[in-house]
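Participant: Sharing a structure, written as structure tokens. Questions coming.
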Amino acid sequence: MMMKTPLYLTGMLLMLSGISGYSQQHKELSLSHLWELTAEQYPSLTEKQAKIGESEYRKKELRNLAIPQVQLQLQNSLGTFEGTNGAFFPVPGVFNVSGNAAAGQQSGNHTTMNSFGSVLMDWKVSQFGKQQKQIEAAGYEVQEAQSSLEAAKLSLRAKTTRRYLDLLYTSSGRSWADRNADRVKEILDLSVSLAEAGLKPGADTALAAAAYLQAQAQQEDWNGKYQAGQINIKELAPTLVGEQILPLQQYMGKVFAIENSDSVAASHPFLQTLDKQLMVQQLQKEVIGKKQLPSISLLAGYSARGTGINTDGTVQNNYASGFNNGAQNYLVGVGLTWSLTGLYTGSVEKKRAQKQVDAAESRYQLQKIQMNTSLQALSSRIQAQLKQVEKTGSAVHKTTNAYALYLSRYEAGLINLTELLQIQSLLQQVEKSNIEVHQELWTQLNTKAELSGDYSFLFNQLK
């Protein structure tokens, strides 16, 4: 008894693990779970997330411009010091030489060391609201990036749903092809039996065999489509392993009542992205207007200078001499910077900015009209599609019953094989049409969910 207990426990563990592995392997993939897998690391979403981070740093950069700008300059140089009279424009840079002709004549040196250091603070205490408008515009750019992320999520959700529905469609088509092949195989076996019994001509066997080969060709076609769909679904969710089982009963089943939506909500990500773009353009126009105003700064500076030229005119050219004869100075003041040319050019920039605002507003209105029109048209189309699904399902039921009766009549010798194959072909077409109308209905529901921004209905249906 003691020896059997470990073996018993081992067997139970193996059985439970096998059951668990089987259930995990054959667990149906729901639409909501596929979306969760897709939304984790899909490149289009991570790109939009990076754009949000970039916009936030841009806003911080503009805030940092409000703090005083401090510059430190240190120099140590070797050069001549021959002075000259005259005036010049220090553009694009400044190269300053101060000295006199008498310096250096006593020692005969023509070069010496120099040192210079300075600290300058420029604090723009007033820009008359220009910086505040820039920060406000940057804030809307952050919101635009966030809305763009939500719009990308919605578009990716629609794409994921289309791939999911395509796989459901090909899976249903493959099942349809298998059922059709089984029916034709049953007809072939029956015709062979009747021909061997002398009740039907041998030509029936050849005709049934040809129909069976055609049904097998359809099977191969749908198998290829199904395998391609399995690969396409894993592009969105690379972590999926093996063949994915889908809820075909829900796909081909009855769709519950659907609420009609007359208009798209203003909070829809597609509209919000355009709305934030409009706000950014409006604030950019105000920023251009503020650029025409001056900036007021508090200025402060301190400098220290050394040179190898002594007060008596003698010159030293060793390295340490550049720190001799020091002089320290400071300077404080208030500065006003005003681009007078901007008073003229700013009016042209404002007109250009106004056109950009008009274009952004037109894009928003056009998107809103198109989405509302499409949503209303889809609502009407879906209601008609629901009735078509119901009637097509009823046609499948009646045609299936008729095929069973015709099969019995053929077996009893009351009809020929051609009539039976005709009713079988009719059943095949009705079943195919049933799959097509279901696929079209789900496709329209996906489009409606994208326009409304609400996928809760599809998630609840396909689970």
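The values are calculated or read from the model by the stated rules, or taken from the named source; none is laboratory data. This is a predicted model, so every value here is computed, not measured. Because the Cβ atoms are built from the backbone with ideal geometry, glycine has one as well, and the counts that use them run over all protein chains shown. Just the protein is used for accessible areas: all its heavy atoms, side chains included, with ligands, DNA and RNA removed. Shrake-Rupley method; radii C 1.70, N 1.55, O 1.52, S 1.80 Å.
Residues checked against (1) open to solvent by less than 20 Å² (accessible area, probe 1.4 Å); (2) closer than 30 Å to Tyr140 by Cβ:
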{"position": "Ala210", "(1), (2)": "no, no"}
{"position": "Leu213", "(1), (2)": "no, no"}
{"position": "Glu235", "(1), (2)": "no, no"}
{"position": "Gly242", "(1), (2)": "no, no"}
{"position": "Pro247", "(1), (2)": "yes, no"}
{"position": "Tyr251", "(1), (2)": "yes, no"}
{"position": "Val280", "(1), (2)": "yes, yes"}
{"position": "Leu283", "(1), (2)": "yes, yes"}
{"position": "Ile296", "(1), (2)": "no, yes"}
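Participant: What number of residues within the stretch 403-451 are more than 25 Å from Ala158 (Cα to Cα), among the hydroxyl-bearing types (Ser, Thr, Tyr) and either open to solvent by 50 Å² or more (accessible area, probe 1.4 Å) or touching a residue at least 24 places away in the same chain (Cβ under 8 Å) (or both)?
Facilitator: Matching residues across the stretch 403-451 total 5.
Participant: Okay, next question. If you go through the stretch 207-242, how many residues are more than 20 Å from Thr161 (Cβ to Cβ) and acidic (Asp, Glu)? Break it down into steps so the answer makes sense when it comes.
Facilitator: Let us first name the residues in the stretch 207-242 that are more than 20 Å from Thr161 (Cβ to Cβ), namely 207-224, 227, 241-242.
Now drop any that are not acidic (Asp, Glu), which leaves 220-221.
Total meeting the criteria: 2.
Participant: From the list Asp166, Asp182, Asp204, exactly one residue is touching a residue at least 60 places away in the same chain (Cβ under 8 Å), out of contact with any strand residue (DSSP E or B) (no Cβ under 8 Å at 6 or more places or on another chain), part of a helix (DSSP H, G or I) and surrounded by fewer than 21 Cβ atoms within 10 Å (Cβ to Cβ). Which is it? Reasoning before the result, please.
Facilitator: Details: Asp182 fails: touching a residue at least 60 places away in the same chain (Cβ under 8 Å); Asp204 fails: surrounded by fewer than 21 Cβ atoms within 10 Å (Cβ to Cβ).
None of the others qualify; the one that does is Asp166.
Participant: Looking at the stretch 28-48, can you tell me whether even one residue there is surrounded by 10 or more Cβ atoms within 10 Å (Cβ to Cβ) and either modelled with pLDDT under 70 or of a type in the set (Phe, Trp, Tyr) (or both)?
Facilitator: Filtering the stretch 28-48 down to residues surrounded by 10 or more Cβ atoms within 10 Å (Cβ to Cβ) leaves 28-42, 44-48.
Pick out the ones that are also either modelled with pLDDT under 70 or of a type in the set (Phe, Trp, Tyr) (or both) and you get 35, 42.
Yes, that holds for at least one residue.
Participant: Which one is surrounded by the fewest Cβ atoms within 10 Å (Cβ to Cβ) among residues in the stretch 315-365 that are among the aliphatic types (A, V, I, L, M), within 30 Å of Glu286 (Cβ to Cβ) and in contact with a helix residue (DSSP H, G or I) (Cβ under 9 Å, 6 or more places away or on another chain)? Walk me through how you get there before you give the answer.
Facilitator: Going through the stretch 315-365, the residues among the aliphatic types (A, V, I, L, M) turn out to be 315, 320, 327, 331-332, 334, 336, 340, 343, 348, 353, 357, 359-360.
Next cut, within 30 Å of Glu286 (Cβ to Cβ) only: 334, 336, 340, 343, 348, 353, 357, 359-360.
Next, only the ones that are in contact with a helix residue (DSSP H, G or I) (Cβ under 9 Å, 6 or more places away or on another chain) stay: 353, 357, 359-360.
Values: Ala353: 20, Val357: 17, Ala359: 13, Ala360: 19.
Applying the filter and picking the extreme gives Ala359.
For (1) among the acidic types (Asp, Glu); (2) touching a residue at least 60 places away in the same chain (Cβ under 8 Å); (3) part of a strand (DSSP E or B), each residue gets a yes or a no:
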position: Ala228; (1), (2), (3): no, no, no
position: Asn232; (1), (2), (3): no, yes, no
position: Gly253; (1), (2), (3): no, no, no
position: Asp275; (1), (2), (3): yes, yes, no
position: Gln281; (1), (2), (3): no, yes, no
position: Ile288; (1), (2), (3): no, yes, no
position: Gly301; (1), (2), (3): no, yes, yes
position: Gly306; (1), (2), (3): no, yes, yes
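Participant: Are any residues in the stretch 389-436 aliphatic (A, V, I, L, M), modelled with pLDDT of 95 or more and within 38 Å of the chain's Cα centre (by Cα), and if so, which ones?
Facilitator: Within the stretch 389-436, just Ile435 meets the criteria.
Participant: Could you grab me the full set of residues in the stretch 60-78 that are over 17 Å from Gly301 (Cβ atoms) and out of contact with any helix residue (DSSP H, G or I) (no Cβ under 7 Å at 6 or more places or on another chain)? Lay out the reasoning, then the answer.
Facilitator: First, pick out the residues of the stretch 60-78 that are over 17 Å from Gly301 (Cβ atoms): 60-67, 76-78.
Correct list: Lys60, Glu61, Asn64, Ile67, Ser77, Leu78.
Participant: Ok, one more. Specify which of the listed residues (Ser155, Ser148, Ser175) is assigned to a helix (DSSP H, G or I), touching a residue at least 12 places away in the same chain (Cβ under 8 Å), of a type in the set (Gly, Ala, Ser) and under 16 Å from Asn446 (Cβ atoms). Let's see the steps before the verdict.
Facilitator: On the way: Ser148 fails: under 16 Å from Asn446 (Cβ atoms); Ser175 fails: under 16 Å from Asn446 (Cβ atoms).
Exactly one of Ser155, Ser148, Ser175 is assigned to a helix (DSSP H, G or I), touching a residue at least 12 places away in the same chain (Cβ under 8 Å), of a type in the set (Gly, Ala, Ser) and under 16 Å from Asn446 (Cβ atoms), namely Ser155.
Participant: Mind counting the residues in the stretch 127-154 that are open to solvent by 50 Å² or more (accessible area, probe 1.4 Å), within 30 Å of Thr38 (Cβ to Cβ) and not basic (Lys, Arg)?
Facilitator: Counting residues in the stretch 127-154 that are open to solvent by 50 Å² or more (accessible area, probe 1.4 Å), within 30 Å of Thr38 (Cβ to Cβ) and not basic (Lys, Arg) gives 5.
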